[in-house]
Every structure is written in C-alpha cells, then in structure tokens.
Amino acid sequence: MTDQPAGTVSALLAEIADIGSDPHRGGYSRPVYSDAEHELREWFTGHAAKRGLDVETDRNGIIWAWDGTPGPDAVVTGSHLDSVPGGGAFDGPLGIASALVAFDELTTRGVSRRSRAIAVFPEEEGSRFGLACLGSQLLTGVVNPERALALKDGDGTTFAEACAAAGLDPAHVGADPESLARIGAFVELHVEQGRGLIELGEPVAVASSILGHGRWRITLRGEGNHAGATLMTDRRDPMVAAGKLLVAIQALARETPEARATVGRLEPTPGGTNVIASRVDLWVDVRHPDDVVVHAVVEQIRQAAAALAAEEGCEVSVVEESYSPTVDFDARLRDDLVKVLGGAPVLGTGAGHDAGVLKNHVRTAMLFVRNPTGVSHAPSEHVEDPDAEAGATALADSLEFLITR
Ligand code: HGY
Ligand code: MN
Ligand code: MN
Ligand code: MN
C-alpha cells in the first residue's frame with residue numbers, strides 16, 4: 001500500500017497492515033476471535049464511532065455499525081475481517097475499508113440518512129472452526145447452533161468457548177430473525193479472487209454467481225509403527241494411501257470440466273519423523289457451477305479413497321463437513337447495478353462469501369475489485385490504490401441507488 005491521502009481505502013488498509021502478519025507463513029493469519037481479529041474489530045469500531053455510527057455486536061458476534069435507525073428495510077454493506085492462514089491483505093478487509101469510505105462519500109453527497117449499516121461477519125473463512133461463513137449462517141439459521149458450538153479448533157477450543165471468551169453468550173448463538181429482518185438489501189464488495197477483471201481491463205465488476213462448494217474430511221487409518229524396525233512389506237501406512245489419493249483427486253477434478261478439488265490441509269497422527277503414521281486426516285474442498293456435479297465428483301473421490309485405502313491395508317471414512325449450494329445473485333438487482341455503474345462487467349466467482357448466504361434471505365449483490373495478481377488466499381493478493389478507490393466509489397453509487405430508489 002502507498003501512503004494514500006487520509007480517508008482513502010488504501011490509507012485505511014495501511015492502518016492495519018501490521019495486524020496479524022504471519023512471519024512464518026507470509027501474509028496474514030487472523031483467525032476469528034484471535035487477538036489479531038479482535039484488534040481489527042477495534043480498528044473498525046473506532047472508525048465507525050468516529051463517523052457517528054451506532055455500533056452493536058449481536059448474539060452471533062456480527063458487528064453492525066448503524067447510520068440512522070436500525071431497519072427495517074435498511075441498506076447494508078459489509079464483509080469479514082478474519083483470514084485464511086497466510087492470507088492476503090484484501091480478502092475481507094477491502095470490503096470493510098471500502099464500506100467506511102463509501103459511507104463518507106454518501107455523507108459528502110448529502111444522501112438521506114435512511115437506515116444503513118456496515119456489517120462485519122465472523123468466521124467467514126471457516127479457518128479456525130472449519131465451517132465457512134459461520135456468522136452469516138448462524139444469523140440466517142442455516143447452521144444448527146448446537147453443532148456450531150461444539151466445533152473445535154486445532155487446540156481443542158470449542159466455538160462455544162471462543163464465543164464466551166469474545167464476550168458472547170453461547171446460549172444465545174443461533175438464528176436471529178429480528179436482526180435479519182432489519183436488512184432490506186445487502187451489497188458486499190470483495191477483492192476479485194481470479195483474473196476476470198485483469199482480462200477485461202476493468203477495475204470493478206458486478207457478481208453473477210458463486211460456485212457450489214463444500215468440504216469433506218477424509219480419515220485414513222493404518223498401523224502406527226517404528227520407521228526402522230518395520231519392513232516395507234509389513235506396513236499399513238495411511239500416508240502412502242493419502243499420497244496416492246491426492247494424485248487421484250487431482251486426476252478426477254481435471255477430468256471434470258470446470259470442477260475444482262483442493263487438498264490444502266493434511267494432518268498425520270502422531271506426526272513423528274521416525275514414526276509410521278497410524279492415521280491421516282485430510283480435507284478436500286470441491287467446487288463446481290452445478291451442485292449435482294460437485295456431489296458426483298465427491299462420490300468418485302469416495303470410491304477412489306476406498307480402493308486406495310484397501311491397497312494399503314487401511315480403513316477410510318469420508319464425512320461431509322459443510323456444503324454451500326451454487327448461488328445466482330438477484331438478476332434484477334445485478335442488472336440495475338450494472339447500469340448504475342455505467343455498464344460494469346458481470347463476473348461469476350469460485351469463492352464463497354457471506355453475500356452468498358444472505359442472498360437466500362434478502363436482496364443481495366456483490367461487487368468485485370480488480371486484483372492484478374489474480375491470486376488470493378496467499379500473500380501476493382493485491383489491489384492497486386486507484387482500483388481500491390474506484391471500488392469504494394462504485395459501492396457508494398450502489399448504496400445511493402438502493403437508498404434513494
Ligand atoms: O473459501 C472461500 O471461497 C472463501 O474465501 N471463504
Ligand atoms: Mn473473503
Ligand atoms: Mn477468502
Ligand atoms: Mn468470502
């Protein structure tokens with residue numbers, strides 16, 4: 001980020017550039033309800049208060065910064081502040097910083113103080129507790145609170161404990177129809193996670209769709225043993241089955257046009273250098289524009305896992321941990337915003353978002369801002385200053401359209 005004039009998106013993001021940076025992985029690691037994400041929440045609420053917004057944190061840990069009375073039929077924008085491990089600076093925070101600048105712009109333009117808010121959703125990435133968009137899914141009642149509260153992070157801390165440590169009452173976590181009823185329309189601005197705008201040579205796009213996507217936990221069990229005392233012929237090594245499965249998963253996804261399958265997390269137990277693992281857990285993220293195809297690919301992965309586990313004398317289980325169906329955003333609102341933005345392009349995305357959850361409950365749209373690297377969920381994710389400002393202006397235009405229509 002360069003030292004942009006105060007009050008710009010880049011200047012706001014520069015203020016948080018050191019929060020949650022991860023020297024080991026590179027980029028940022030800002031798990032939900034961690035010290036880093038808490039610092040970011042404080043940064044946001046400070047800026048909201050400076051603008052005279054009324055800030056509240058609801059039962060699900062969603063922060064709402066209200067300008068005017070909270071609903072009904074409020075116009076809301078927002079995104080998230082949590083990140084993936086070693087994530088970029090823009091995935092989430094760009095939407096929050098752009099919302100603050102867009103609200104400044106609405107004030108400068110003298111747009112009526114109709115009910116509007118900026119929302120910050122917790123655990124959008126699902127990086128700590130494994131369920132993406134957990135905050136917006138709790139708000140909308142999509143996920144069962146008992147299941148959510150029992151989710152554990154890598155240290156064995158439950159979501160219930162993390163909520164309590166964040167000052168929330170776990171007994172109140174869950175569907176919040178009153179809070180949801182306040183929203184008349186929701187627009188999320190997000191860094192593009194892909195190359196669409198690079199290829200189009202445009203700074204901003206309106207979203208059309210989100211791929212169906214889910215996460216499956218595959219557990220391979222073999223026999224733990226000594227690395228030196230165990231002959232190669234006497235092994236039931238789940239790491240070998242896992243290695244073969246990774247190659248098979250890639251081949252299956254490559255054979256299915258437009259499918260994506262990713263194993264980004266693999267955990268051997270006990271994880272000793274001189275120890276044959278007794279079990280391996282790996283998580284596969286599968287995505288496709290058609291939900292039926294996602295599940296067909298997962299079925300093929302199940303079959304490959306069973307065969308490859310058997311080859312190595314191992315057992316295997318495949319458990320669906322989460323699934324978010326394909327999203328087609330509201331065509332009328334999408335087309336309205338294309339016009340409001342002077343003929344902005346329309347792009348689909350392979351990435352999930354809170355807007356994808358809210359879309360089933362309120363009129364929802366998304367804006368994407370050009371990312372010259374095309375890379376996301378990695379330190380090199382980037383947005384150039386002029387595009388960041390173009391995004392905030394597009395967001396202000398979109399909000400003004402929704403407020404004054
Ligand atoms: O995984 C996703 O698509 C999103 O970035 N949470
Ligand atoms: Mn995001
Ligand atoms: Mn993300
Ligand atoms: Mn998202």
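On the basis of the beta-carbon distance and an R0 of 51 Å, residue 223 and residue 14 show a calculated FRET efficiency of 0.45. Note that the stretch 342-388 presents 33 Å² accessible area per residue, ligands and nucleic acids not counted, probe 1.4 Å. Positive end of the dipole of the stretch 101-246 (Cβ unit charges, origin at the Cα centre): among 218, 189, 119, the Cα lying farthest that way belongs to 218. Excluding ligands, DNA and RNA, the accessible surface per residue across the stretch 226-309 is 54 Å² with a 1.4 Å probe.
Taking the 1.4 Å solvent-accessible surface of the stretch 212-324 as the whole, the part contributed by carbon and sulfur is 53%.
Packing-wise, with mean Cβ within 10 Å as the measure, how do 111-124, 82-95 rank, highest first?
82-95, 111-124
A protection proxy built from the mean count of other Cβ atoms within 10 Å ranks the segments 148-155, 234-241, most packed first, as 234-241, 148-155. First compute the accessible area of the stretch 6-63 with a 1.4 Å probe, then give the percent of it belonging to carbon and sulfur atoms. Answer for the stretch 6-63: carbon and sulfur cover 47 percent of the accessible area. Annotation: extensible slack from residue 258 through residue 317 equals 18.6 nm (criterion: 0.36 nm per residue apart, minus Cα-Cα distance).
The label point for residue 152 and the one for residue 42, both projected 7 Å from the Cα toward the Cβ, are 3.1 nm apart.
The values are calculated or read from the model by the stated rules, or taken from the named source; none is laboratory data. Model, not experiment: these values are computed from the prediction. Cβ sites come from the backbone with ideal geometry, for glycine too, and all protein chains shown count toward neighbours. Keep in mind that these areas ignore ligands, DNA and RNA; they rest on the heavy atoms of the full protein, side chains included. Shrake-Rupley method; radii C 1.70, N 1.55, O 1.52, S 1.80 Å.
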